[in-house]
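For reference, the structure discussed in these notes is given below.
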Amino acid sequence: MVTCKEICIRICTHSEAKTFGRWPGVKKGSKEATSLKKKKNIRDRLIFCRKYGEWTAEDWGKVIFSDEASFRLFGVSGKRLVQRRKGECYHQSCVMPTVNHHKTIHVWGCFLSKGVGSLTILPKNTAMNKEWYQNTLQQQLLPTIQQQFGEEQCIFQHIGAPCHKAKVITKWLGDQNVDILGPWPENSPDLNPIENLWSILKRRGDKQKPTNSDKLQSALEEEWDAMPQQTISRFVASIRRRCQAVIYAQGHMTSF
């Protein structure tokens, strides 16, 4: 006999899938709810990759990738492994300064196959909400589109964070005639090449050994502008392989 809960699971809509606690017998935050959400994420990843997996390099060349990231002074954990000789435990080259409270810089950036776009530093103690996001798109995205594409149509990618999916943002992008890639599947950093760009930016910024937040900001902006075109082209060219890898992994996370 089919239970009431099974019927609810079968006929649930997309909006209901976001609130597992509404399903009879399925408690929000429970293992069963987590399992259902994971299955939905796997399905969404497969849908996306099957839809865009056959896109050509020319197709991906019309996409502007974007995301937010956080960078902390002295690294994420404040620790770093070094190689040293005996007796060099406290040598200046083998130690790094510490702070009681790590300074964090929040940024928004975008890039495309032609190169990097804008890198925006959010003001201190400012979180990216829908108001700041719209302002960032107005001040940074639109000039990038005009500079790189002119009157040609392009496609904008963002990951679907709450501020990205806000109705006011969706309407604003539509009013600006900006097409959106997607729907982008949640929890899919392996599909977004800008994640690899953030990793490189962090390593290159750390090499400058900034000692305060202003120097960290300058280092990030300098290294962002100096990002090698070969690296950017390689990341954009990898998207088709990323989609194929997700399909091969049946929707699960991949090594990208």
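The values are calculated or read from the model by the stated rules, or taken from the named source; none is laboratory data. This structure is a prediction, so every number in the text was calculated from the model and none was measured. Quick reminder, even Gly has a Cβ in these numbers, built from the backbone with ideal geometry, and neighbours come from all protein chains shown. All accessible areas refer to the heavy atoms of the entire protein, side chains included, with ligands and DNA or RNA removed. Shrake-Rupley method; radii C 1.70, N 1.55, O 1.52, S 1.80 Å.
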Item to check | Yes/no for Gln147 being modelled with pLDDT of 90 or more, open to solvent by 30 Å² or more (accessible area, probe 1.4 Å) and within 18 Å of the chain's Cα centre (by Cα) | outcome: no
Checklist entry - Can you name every residue in segment 99-116 that is within 21 Å of Met227 (Cα to Cα), open to solvent by 20 Å² or more (accessible area, probe 1.4 Å) and either out of contact with any Leu (no Cβ under 7 Å at 6 or more places or on another chain) or at pLDDT below 90 (or both)? => result Ser113, Lys114, Val116
Next on the checklist: Please return the ranges of helices (runs of 4 or more DSSP H) entirely within segment 131-191 where 3 or more residues are under 23 Å from Ile42 (Cα atoms).
Outcome noted: 162-165
Next on the checklist: I'd like to check something: does segment 136-144 contain any residue that is modelled with pLDDT of 70 or more, more than 22 Å from Ala166 (Cβ to Cβ) and polar (S, T, N, Q)?
Outcome noted: no
Checklist entry - Any idea which of Arg242, Arg204, Arg234 is among the basic types (Lys, Arg), open to solvent by less than 40 Å² (accessible area, probe 1.4 Å) and either without any contact (Cβ under 8 Å) to a residue 12 or more places away in the chain or more than 26 Å from Leu142 (Cβ to Cβ) (or both)? => result Arg242
Checklist outcome for this item: The residue from Ser218, Ser188 that alone is of a type in the set (Gly, Ala, Ser) and either open to solvent by 40 Å² or more (accessible area, probe 1.4 Å) or at pLDDT 95 or above (or both) is Ser218
Checklist entry - For Ile200, which of the numbered conditions (1) over 18 Å from Phe48 (Cβ atoms); (2) in a loop (DSSP other than H, G, I, E, B); (3) β-branched (Val, Ile, Thr) fails to hold? => result (2)
Item to check | Index of the failed condition, Met128 passing every other in (1) buried (at least 18 other Cβ atoms within 10 Å of the Cβ); (2) at pLDDT 90 or above | outcome: (2)
Checklist outcome for this item: Within segment 156-181, the count of residues that are in contact with a strand residue (DSSP E or B) (Cβ under 7 Å, 6 or more places away or on another chain) and open to solvent by 10 Å² or more (accessible area, probe 1.4 Å) comes to 5
Checklist entry - Which of the residues belonging to segment 192-245 are over 27 Å from Asp44 (Cβ atoms) and among the hydroxyl-bearing types (Ser, Thr, Tyr)? => result Thr211, Ser213, Ser218, Thr231, Ser233
Next on the checklist: For segment 37-52, which positions are free of Cβ contacts under 8 Å to residues at least 24 places away in the same chain and either under 14 Å from Met253 (Cα atoms) or buried (at least 18 other Cβ atoms within 10 Å of the Cβ) (or both)?
Outcome noted: Lys38, Lys39, Lys40
